[in-house]
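Peer 1: Pasting a structure here, questions to come.
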Amino acid sequence: MNELLKQLTEAVGVSGAEKEVRLLIRDLIADHVDEWSVDSMGNLLATRRGTGQYDMRILVDAHMDEVGLLITDIDSGGMLSFVGAGGFDDRALLGKVVQVGPDKITGVIGARAVHLLSNNEYSRTVRTDAMRIDVGAKSEAAAKVKIGDYAAFVTEYEELDGGRTAIGKAFDNRAGCAALVELLRGERYPFDLIASFTVQEEVGLRGAEVAAYNAKADAALVLECTPAYDLPNEKDASPNVALGKGASVYVMDSRTIQDPRLVAHLMATGDARGIRYQVRQPGGGGTNTGAIQRAGAGIPVATLAVPGRYAHTPTMMISLDDYESVVRLADAALRSLTPEIIRRR
Amino acid sequence: MNDLIRMLVEAYGPSGFEDGIREIIRPLVEPHVDEVRVDAMGNLIAFKRAAGGQANPHKVMIAAHMDEIGVMVSHITEKGFLRFTNIGGVFSHTLMGGRVRFEDGTLGVIGSDRIDDRSAIHPLSKHFIDVGATSREDCPVRVGQAANFDRPFEARGRHLTAKSMDDRIGCVVAIEALRHLPADIAHDLYFVFSVQEEVGTRGAEVAANGIMPDVSIALDVTLTGDVPEARPMDVSLGSGPAIKVKDSGMISHPGLVRLMRRRAEEAGITYQMEVLDGGSTDARAMQLAGPGSVAGCISIPCRYVHSPSETVDAEDVAGAVALLVALLTGDMEL
């Protein structure tokens with residue numbers, strides 16, 4: 001059992017309320033970094049000094065927030081209205097168990113039973129504004145929830161397929177956080193490694209914008225979990241990354257064209273070390289690289305991601321082989337990163 | 001000037017992949033400036049220091065973007081055809097039968113899926129690139145590689161037609177202005193050949209964060225209203241460079257607009273005023289970067305923008321050079 005992934009995915013940290021997961025990560029890294037701090041937005045920043053070989057500061061980022069819900073109203077019968085914190089497919093919500101507020105009150109996103117639906121309703125998607133979270137309370141006071149509380153999904157981490165596949169909530173992006181924790185626990189790098197566990201990625205890369213501004217880094221690597229789309233498909237169309245085919249290397253998404261020198265370095269490292277990787281389909285999506293690349297006078301960036309099925313639903317699935325490929329490729333590429341690779345003349 | 005234009009517009013440089021075009025431009029500007037450097041994102045920054053004795057000269061940033069729209073391979077079919085995504089604003093009705101070229105010289109022809117309804121325009125996703133491969137294994141291109149549209153430069157009298165006039169013609173204006181500027185300019189000039197404008201003025205944003213200019217001037221193309229059934233717009237080819245008042249991303253500094261008009265009139269340069277209904281330029285990024293700057297734009301009118309046959313008028317280009325030189329030569333009390 002990968003205890004790191006279990007702890008990190010089961011911790012709660014919806015965009016805007018990341019304290020619990022931040023404290024967990026702080027405890028996981030405190031003994032392995034030279035200094036750490038929390039900035040004004042709640043980003044956890046840590047420095048692991050290098051061997052002194054290169055005078056470089058390399059930022060490695062993983063956002064620690066997860067998509068969740070924000071309570072907007074409590075009616076007299078104790079039912080909770082909510083909006084999404086981060087992007088959702090409404091169809092993924094009905095019937096799911098959630099934990100509400102700092103006291104983790106258990107609730108369920110109620111759905112009218114199929115027996116009670118008319119044909120007309122049966123074919124329509126229920127929107128979040130028509131949904132309620134039911135915490136079993138009979139009155140507003142009994143609900144013990146405040147407007148503004150956050151709610152997260154409740155999904156226990158489990159390993160399948162003889163331990164090579166895992167399901168759980170919030171692999172996006174606790175998988176990246178776990179990988180970054182592993183990098184911080186390894187041997188020192190030839191340069192200062194600045195780790196940022198950032199907040200509010202899911203609502204618009206907000207944490208990374210300020211973290212990168214303060215990091216004053218010479219280059220950056222973002223560790224992510226990217227949606228896999230590898231389900232059966234009759235057409236020879238454009239699938240996205242697939243589970244089990246290795247770490248995914250970004251080239252371009254809607255926010256960022258990755259630095260071609262760093263992309264080439266990642267691929268060359270993978271080829272040389274025999275670490276499996278796949279190129280993520282260029283096109284839509286966006287990660288913290290978008291904010292980091294354009295922080296201050298600019299930072300060369302690249303992104304490595306663990307492919308994950310069913311992103312932004314209560315349960316994601318990843319391949320632990322892919323996860324290990326991300327850790328190994330990130331580690332090897334960082335160890336072989338030289339100032340020449342990012343130097344501009 | 002046509003030789004310079006041909007050299008720049010026929011070069012490869014989709015957004016994010018500007019290394020080649022940058023190395024073409026660098027030796028052209030080096031003789032005319034005090035320092036040339038490349039920043040973290042790849043912007044080429046040519047610095048010309050204010051003439052001696054100037055106390056606290058204005059920092060003036062002039063930006064023309066080197067990048068051009070293009071495509072990127074997203075999938076290779078079993079038979080070796082390439083599916084692709086856009087880099088910047090690619091219109092799908094310009095694609096069918098067009099040609100693209102990869103950095104290594106590989107030429108691709110764009111085809112489209114079967115058309116059942118000739119009145120509908122196929123979306124980009126129903127097009128593919130044929131590079132002559134027969135399978136994934138013999139395909140010379142990988143997922144993630146970028147290509148630009150391929151089309152030679154043609155001069156038809158005053159009308160000059162090519163791919164990537166947007167914005168290599170702005171680069172030409174900047175280079176020609178550097179060649180014609182007198183030695184004793186009262187301002188610190190930063191000529192920036194920026195990257196990644198077509199995907200959201202990303203290069204100019206970081207360049208401006210690094211430079212922190214007082215005054216910013218973009219050199220870019222603008223649309224015209226002088227073709228059949230055009231969207232009404234009071235800019236036409238051959239009526240001179242356009243002084244931008246507003247586009248959908250920026251309102252130019254009114255004092256800078258007034259100064260541009262005055263300098264044009266003093267120098268006898270024919271000009272037109274531009275109000276653009278859509279789109280924006282690096283001026284937006286420079287206006288808003290850091291503590292903000294006084295921003296404006298000298299536009300080169302261009303027909304068929306974001307097609308492989310972008311067309312400008314040689315006299316408008318010469319006028320833009322003259323206007324930029326006149327503007328930078330004088331004082332800039334705004």
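Peer 1: As an exercise: evaluate B:A146 against (1) of a type in the set (A, V, I, L, M, F, W, C); (2) within 12 Å of another protein chain (Cβ to nearest Cβ); (3) over 30 Å from A:E209 (Cα atoms) and give the number of the one condition it does not meet.
Peer 2: (3)
Peer 1: Can you tell which of B:E68, B:E78 is within 14 Å of chain A (Cβ to nearest Cβ) and within 30 Å of B:A295 (Cα to Cα)? Step through it out loud before you land on a result.
Peer 2: Values: B:E78 fails: within 30 Å of B:A295 (Cα to Cα).
Result: B:E68 is the single residue among B:E68, B:E78 that is within 14 Å of chain A (Cβ to nearest Cβ) and within 30 Å of B:A295 (Cα to Cα).
Peer 1: Out of region A:63-80, which residues are over 26 Å from the mean Cα position of the chain (by Cα), of a type outside the set (D, E, K, R) and not in a strand (DSSP E or B)?
Peer 2: A:S76, A:G77, A:G78
Peer 1: Please list, ordered by first then second residue, the pairs with beta carbon atoms under 6 Å, 6 or more apart or interchain, first in region B:241-259 and within 17 Å of B:L223 (Cα to Cα) and in the same structural domain as B:C297 (by TED's automatic domain parsing), second among the aliphatic types (A, V, I, L, M) and part of a loop (DSSP other than H, G, I, E, B).
Peer 2: Note: pairs meeting the criteria are B:A242/B:V235; B:D247/B:L276.
Peer 1: Follow-up question, since we're still on this one. Restrict the check to region A:293-310 and report whether at least one residue is charged (D, E, K, R) and within 30 Å of B:H127 (Cα to Cα).
Peer 2: yes
Peer 1: Listed residues A:T106, A:T47; which is β-branched (V, I, T) and within 21 Å of A:N288 (Cβ to Cβ)?
Peer 2: A:T47
Peer 1: Within region B:161-203, work out how many residues are within 14 Å of chain A (Cβ to nearest Cβ) and farther than 28 Å from B:V100 by Cβ.
Peer 2: First pass over region B:161-203, keeping only residues within 14 Å of chain A (Cβ to nearest Cβ): B:190, B:192-203.
Filter once more, so that each one left must be farther than 28 Å from B:V100 by Cβ: B:190.
Number of matching residues: 1.
Peer 1: Now for a separate question. Given the criterion touching a residue at least 12 places away in the same chain (Cβ under 8 Å), over 24 Å from A:G298 (Cα atoms) and not in a helix (DSSP H, G or I), identify the matching residue among B:G53, B:G80.
Peer 2: Values: B:G53 fails: touching a residue at least 12 places away in the same chain (Cβ under 8 Å).
Result of the check over B:G53, B:G80: B:G80.
Peer 1: Another question, then. Only one of A:Y277, A:Y250 is within 12 Å of another protein chain (Cβ to nearest Cβ), of a type in the set (S, T, Y) and more than 18 Å from B:A146 (Cα to Cα). Can you tell me which? Spell out how you get there, then give the answer.
Peer 2: Details: A:Y250 fails: more than 18 Å from B:A146 (Cα to Cα).
That would be A:Y277, the only listed residue that is within 12 Å of another protein chain (Cβ to nearest Cβ), of a type in the set (S, T, Y) and more than 18 Å from B:A146 (Cα to Cα).
Peer 1: Looking at A:A295, A:A291, can you tell me which residue is more than 11 Å from chain B (Cβ to nearest Cβ) and either closer than 19 Å to A:E202 by Cβ or touching a helix residue (DSSP H, G or I) at 6+ places or on another chain (Cβ under 6 Å) (or both)?
Peer 2: Values: A:A295 fails: more than 11 Å from chain B (Cβ to nearest Cβ).
One residue alone meets the criteria, A:A291.
Peer 1: Can you tell which of A:Y189, A:Y157 is surrounded by fewer than 24 Cβ atoms within 10 Å (Cβ to Cβ), aromatic (F, W, Y) and closer than 27 Å to A:I105 by Cβ?
Peer 2: Unique residue meeting the criteria: A:Y157.
Peer 1: For region B:29-45, name all the residues that are within 14 Å of another protein chain (Cβ to nearest Cβ), hydrophobic (A, V, I, L, M, F, W, C) and touching a strand residue (DSSP E or B) at 6+ places or on another chain (Cβ under 7 Å).
Peer 2: Correct list: B:V36, B:V38, B:L44, B:I45.
Peer 1: Could you count how many residues in region A:36-56 are part of a loop (DSSP other than H, G, I, E, B), surrounded by 13 or more Cβ atoms within 10 Å (Cβ to Cβ) and either of a type in the set (S, T, N, Q) or not assigned by TED's automatic domain parsing to the domain that holds A:L334 (or both)?
Peer 2: So the answer is 1.
Peer 1: Test B:A155 against the criterion of being more than 12 Å from chain A (Cβ to nearest Cβ), surrounded by fewer than 16 Cβ atoms within 10 Å (Cβ to Cβ) and touching a helix residue (DSSP H, G or I) at 6+ places or on another chain (Cβ under 8 Å), and give yes or no. Working first, answer last.
Peer 2: On the way: more than 12 Å from chain A (Cβ to nearest Cβ): yes; surrounded by fewer than 16 Cβ atoms within 10 Å (Cβ to Cβ): yes; touching a helix residue (DSSP H, G or I) at 6+ places or on another chain (Cβ under 8 Å): yes.
Answer is yes for this residue.
Peer 1: Kindly indicate the residue of region B:106-131 that is assigned to a loop (DSSP other than H, G, I, E, B) and touching a residue at least 24 places away in the same chain (Cβ under 8 Å) and also nearest to the other protein chains (Cβ to nearest Cβ) among those meeting that condition.
Peer 2: Within region B:106-131, the first condition is being assigned to a loop (DSSP other than H, G, I, E, B), and the residues that meet it are B:106, B:113-123, B:131.
Checking the rest, the ones that are also touching a residue at least 24 places away in the same chain (Cβ under 8 Å) come to B:106, B:121-123, B:131.
Working: B:T106: 17, B:I121: 20, B:H122: 15, B:P123: 13, B:V131: 16 Å.
Checking each candidate, the answer is B:P123.
Peer 1: Another question, then. For region A:115-223, give me every one of the helices (runs of 4 or more DSSP H) that falls completely inside it and has 1 or more residues that are in contact (Cβ under 8 Å) with a residue 60 or more places away in the chain, touching a His at 6+ places or on another chain (Cβ under 7 Å) and over 26 Å from A:R309 (Cα atoms). If you could, list the steps in order and put the result at the bottom.
Peer 2: Numbers: elements: A:119-122, A:171-185, A:206-215.
In region A:115-223, the matching helices (runs of 4 or more DSSP H) lie at A:171-185.
Peer 1: Taking the stated definitions as given, is A:I257 at the interface with chain B (Cβ under 9 Å from one of its Cβ atoms), buried (at least 20 other Cβ atoms within 10 Å of the Cβ), modelled with pLDDT of 95 or more and under 20 Å from B:A146 (Cα atoms)?
Peer 2: When the stated conditions are applied, A:I257 passes them.
Peer 1: For B:M96, only one of the following conditions fails: (1) surrounded by fewer than 21 Cβ atoms within 10 Å (Cβ to Cβ); (2) away from chain A (no Cβ under 14 Å); (3) of a type outside the set (D, E, K, R); (4) in contact (Cβ under 8 Å) with a residue 60 or more places away in the chain. What is its number?
Peer 2: Just one mismatch for B:M96, condition (4).
Peer 1: Can we say A:A311 is within 14 Å of chain B (Cβ to nearest Cβ) and in contact with a helix residue (DSSP H, G or I) (Cβ under 8 Å, 6 or more places away or on another chain)?
Peer 2: no
The values are calculated or read from the model by the stated rules, or taken from the named source; none is laboratory data. Small disclaimer: the values here were computed from a predicted structure and weren't measured. Glycine also receives a Cβ, built like all others from the backbone with ideal geometry; neighbour counts cover every protein chain displayed.
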